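A.B. asks: Before I ask anything, here is the structure I am working with.
The values are calculated or read from the model by the stated rules, or taken from the named source; none is laboratory data. Please read all numbers here as calculations on a predicted model, not as lab measurements. A quick note on method: Cβ atoms are made from the backbone with ideal geometry, for glycine too, and the neighbour counts reach across all protein chains shown. Heads up: the accessible areas ignore ligands, DNA and RNA and are worked out on the full protein's heavy atoms, side chains in. Shrake-Rupley method; radii C 1.70, N 1.55, O 1.52, S 1.80 Å.
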Amino acid sequence: MLFTNRDLKKFIENKVNVDSEKVKKYRKQVNNLRDNLTDYIKENPDFGLVKMLHSGSVRKGTAISTLNDMDVAVYVKPEKIENYTEEQVLSYIKDGLVKVYKRHNMTEDQFSLGKHCLKVSFKGSGLDVDVVPVIPTGAPNDMGHLIAQDTGERVLTSIPLHLSFIQSRKASNPNYATMVRITKWWRNKNEFKMKSFLIEMIWAHIADTEGISDDIVTALQQFFRYIVNTELKDPIVFEDNYKKSEVILVEGEVNIFDPVNPENNLGYSLDYTKLERILDEADEALGYLSLAMQASTKNVAEASLKQIFGSSFSL
């Protein structure tokens, strides 16, 4: 083979992984948001917002270099928004955060209503923070109903439990986060729809069932072959927080379940067109990977890998 695991690691380190200084700067800005909200809540105990939790790829350690936004969840007191609509709760959060941050030199135009979220824009760094509302249930582990950014539906979730789930896979499979990042890069460069959460769950399933190879090429083969061979029709259920008997499987459909909520089947977000595109892209990537491994010249190997990882890849 005319390329090595070291070549792919170099590409991931130089192109895929997000710069640590960038992450540090973004984390600081988000932490400042959270700290300011916490202080305001202490001073105003009747305020309708409860807390802010950092979620998303940066917190999970799976962010890639194209990062220009971060996700946080803001918990809202249920009694403040009874019989609420999505628009009402987002407007309520916007009004509350504008009130908090106007004393920290942030202006109202930095807070805008996005699709199913509130967007907070930092003028200096260019960072956008997507604020997603969560209505707490009162159950442990910050369980609450969030408004999903892609569908607008209310989904029961727990940010701490999701983070714990990811951390446990990273601890038992050191290559987990790396493979999630390179797979997200592959998706972005080939411009098709596949949720990052879905990618994380497939890798978690591979980690639990066969283990993720330390060799990046072998690990990529694991991922692409799993998709091609199963067509994502094999159920994926994790029993970290509930029993498999609690899920309702739909025969012949995609059954990939949220590890926190047994009623949240990620397969529901995949219509026929999206699923077929994922299957085609995985099959094509597997083919190009084989071509690269069997290539007789370095140029051919590089050209094949560019089909997977984009034009910035080089050997």
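A.B. asks: Which of rounded, prolate, oblate describes the range 129-184, given a ≥ b ≥ c as roots of the alpha-carbon gyration tensor eigenvalues and a/c under 1.5 marking rounded, otherwise prolate only if a/b is larger than b/c?
C.D. replies: Verdict is oblate for the range 129-184.
A.B. asks: List the residue ranges in the chain for DSSP H helices whose C-alpha atoms run 27 angstrom or more along the long axis and whose Kyte-Doolittle average is -1.0 or above.
C.D. replies: Helices passing the filter in the chain: 272-294.
A.B. asks: Please give the peptides 285-293, 3-11 ranked by average Cβ packing (other Cβ atoms within 10 Å per residue), highest first, as a rough proxy for protection.
C.D. replies: So the peptides 285-293, 3-11, ranked by packing, come out 285-293, 3-11.
A.B. asks: If you place +1 on the Cβ of every Lys and Arg, -1 on the Cβ of every Asp and Glu, and leave all else neutral, what size is the dipole of the range 160-315 about its Cα centre, to the nearest 20 Debye?
C.D. replies: For this selection, approximately 600 debye.
A.B. asks: Express in nm, to one decimal, how much length is gained between LYS99 and ASN299 on full extension, taking 0.36 nm for each residue of separation and deducting their alpha carbon distance.
C.D. replies: 66.2 nm
A.B. asks: Given the whole protein assembly as supplied and a 1.4 Å probe, what does the accessible area of THR273 come to in Å², nearest 10?
C.D. replies: Ignoring ligands and nucleic acids, THR273 comes out at about 100 Å².
A.B. asks: Could I ask something else about it? Could you work out the relative contact order of the range 125-274? I mean the mean sequence separation of Cα pairs under 8 Å and 6+ apart, divided by the number of residues, in percent. Let's see the in-between values first.
C.D. replies: Numbers: 166 pairs, mean separation 23.7, N = 150.
Relative contact order, the range 125-274: 16 percent.
A.B. asks: Given charges of +1 on the Cβ of Lys and Arg and -1 on the Cβ of Asp and Glu, with all other atoms neutral, how large is the dipole of the chain about its Cα centre, in debye to the nearest 20? Let's see the in-between values first.
C.D. replies: Values: 40 positive and 44 negative charges, 270 e Å.
Around 1300 debye, computed over the chain.
A.B. asks: By accessible area of protein heavy atoms, probe 1.4 Å, what ranking do ARG181, ARG59 get, highest first?
C.D. replies: ARG59, ARG181
A.B. asks: Which of the pairs LYS24/LYS170; LYS10/LYS274; LYS15/LYS193 have their Cα atoms more than 26 Å apart in this structure?
C.D. replies: LYS10/LYS274
A.B. asks: Rank these residues by their accessible area, most exposed first, probe 1.4 Å: SER312, SER245. Please report the intermediate quantities before stating the final value.
C.D. replies: Working: SER312 45, SER245 105 Å².
Reading off the accessible areas and sorting them downward yields SER245, SER312.
A.B. asks: Also: Considering only protein heavy atoms, what is the solvent-accessible area of ASP240 at a probe of 1.4 Å, reported in Å² to the nearest 10?
C.D. replies: Around 70 Å² of this residue is reachable by solvent.
A.B. asks: Determine the per residue accessible area of the range 207-301 with all protein chains present and a 1.4 angstrom probe, expressed in square angstrom.
C.D. replies: Details: 5010 Å² over 95 residues.
Normalised by residue count, the accessible surface of the range 207-301 is 53 Å².
A.B. asks: Given a Förster distance of 35 angstrom, what is the FRET efficiency for MET1 paired with ASP280, based on the Cβ-Cβ distance and rounded to 0.05?
C.D. replies: After rounding, the FRET efficiency stands at 0.85.
A.B. asks: So what's the back-of-envelope 222 nm ellipticity for the chain, counting only DSSP H runs of four-plus at -39500 (n - 2.57) apiece and dividing by all residues, rounded to 500?
C.D. replies: -14500 deg cm²/dmol
A.B. asks: Accessible surface of HIS162 in the full protein assembly, 1.4 angstrom probe, to the nearest 10 Å²?
C.D. replies: 30
A.B. asks: With labels modelled as points extended 7 Å from the Cα through the Cβ direction, what inter-label distance (nm, one decimal) is found for LYS233 paired with SER312?
C.D. replies: Each label point is offset 7 Å from its Cα along the Cβ direction, giving 3.8 nm.
A.B. asks: What percent does the relative contact order of the chain come to when contacts are Cα pairs within less than 8 Å and at least six residues apart?
C.D. replies: Answer for the chain is 15 percent.
A.B. asks: Once you place label points 7 Å from the Cα toward the Cβ at GLU153 and SER112, how far apart are they in nm?
C.D. replies: Inter-label distance under the simple model: 2.9 nm.
A.B. asks: Let me check against my output: what whole-number percent is the relative contact order of the range 190-315, with C-alpha pairs under 8 Å and at least 6 apart? Walk me through the numbers before you get to the answer.
C.D. replies: Details: 128 pairs, mean separation 27.5, N = 126.
The normalised contact order for the range 190-315 reaches 22 percent.
A.B. asks: Which order do ARG169, ARG103 take when ranked by solvent-accessible area (1.4 Å probe, heavy atoms of all protein chains), largest first?
C.D. replies: Largest to smallest exposure gives the sequence ARG103, ARG169.
A.B. asks: Here is a further query. In the chain, with Lys and Arg counted as +1 and Asp and Glu as -1 at Cβ, which of these residues, GLN29, MET194, LEU289, has the Cα nearest the positive end of the dipole, that is, farthest along it?
C.D. replies: Positive-most Cα among the choices belongs to GLN29.
A.B. asks: In addition: Any idea which of GLN221, GLY252, ILE278 is furthest toward the positive side of the dipole for the range 219-315, if Lys and Arg beta-carbons carry +1 and Asp and Glu beta-carbons -1?
C.D. replies: GLN221
A.B. asks: How big is the antiparallel share of DSSP beta bridges in the chain, given as a percent to the nearest 5?
C.D. replies: Of the beta bridges lying entirely in the chain, close to 75 percent run antiparallel.
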